Amino acid sequence: MVIRITGTIQLDEGEFRERFTRSSGPGGQNVNKVATAVHLRFDIRNSRSLTEEVRERLIRLAGKRVTGEGVLIIEADRFRTQEQNRRDARERLIRWIRKAAEPLKHRRKTRPTVKSKERRLEEKHLRSETKRVRKPVLPSES
């Protein structure tokens, strides 16, 4: 099955692996019997669906969630059912990829206005005046 991420990016289900483990937290006896937590592993570096630019940005965005080999690991155990955790892990993967696929906004250089420079200098002057008034007065030698 193919998962549509953006208009240009489609992810084949064969590109990531899901492993199910027992979840910690609430759930009563169910916690000890059923493997509901999901560990989703997505090999970013070897993905055929991503461009080089998106790969690099995804690795940077995911940070410590990416192993040294370039594998993104998402752990989902918020819910009590395996299906909900599976859906949660996949949605998080899709959000990460969409975020990485967004074009970077280039920063336009701006300069401070004349008025803002004047305000800054006036605030500095007032602050220095306040500090000057607080200084102890030294006795004069007459």
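Any residue in the range 87-104 that is farther than 19 Å from V2 by Cα, over 19 Å from the mean Cα position of the chain (by Cα) and not basic (K, R)? Within the range 87-104, none of the residues are farther than 19 Å from V2 by Cα, over 19 Å from the mean Cα position of the chain (by Cα) and not basic (K, R). For E118, are the conditions met, namely being part of a strand (DSSP E or B), modelled with pLDDT of 85 or more and acidic (D, E)? Against the criterion (part of a strand (DSSP E or B), modelled with pLDDT of 85 or more and acidic (D, E)), E118 does not qualify.
Quick one: which residue in R41, R48, R92 is of a type outside the set (S, T, N, Q), in contact with a strand residue (DSSP E or B) (Cβ under 9 Å, 6 or more places away or on another chain) and at pLDDT below 80? From the options R41, R48, R92, the qualifying one is R48. Taking the criterion of being without any contact (Cβ under 8 Å) to a residue 12 or more places away in the chain, within 30 Å of P103 (Cβ to Cβ) and within 18 Å of the chain's Cα centre (by Cα), would at least one residue in the range 44-54 satisfy it? Yes, the range 44-54 contains at least one residue that is without any contact (Cβ under 8 Å) to a residue 12 or more places away in the chain, within 30 Å of P103 (Cβ to Cβ) and within 18 Å of the chain's Cα centre (by Cα).
Look at K117 and say whether it is farther than 22 Å from R22 by Cβ, among the charged types (D, E, K, R) and within 15 Å of the chain's Cα centre (by Cα). Judged against the criteria, K117 is not a match. Would you say L138 is exposed (fewer than 13 other Cβ atoms within 10 Å of the Cβ) and either in contact (Cβ under 8 Å) with a residue 24 or more places away in the chain or farther than 28 Å from T21 by Cα (or both)? Judged against the criteria, L138 is a match. Here A37 meets each of (1) aliphatic (A, V, I, L, M); (2) closer than 28 Å to T8 by Cβ; (3) touching a residue at least 24 places away in the same chain (Cβ under 8 Å) with one exception, condition (2).
Of all residue pairs spaced 6 or more apart or on separate chains, those with beta-carbon atoms under 6 Å, a first member in the range 101-129 that is under 30 Å from I59 (Cβ atoms) and a second member that is in a helix (DSSP H, G or I) and among the aliphatic types (A, V, I, L, M) are A101/V54.
The values are calculated or read from the model by the stated rules, or taken from the named source; none is laboratory data. Only a predicted model underlies this, so the values are computations on that prediction, with no experimental measurement involved. So basically every Cβ, Gly included, is an ideal-geometry build from the backbone, and we count neighbours across all protein chains shown.
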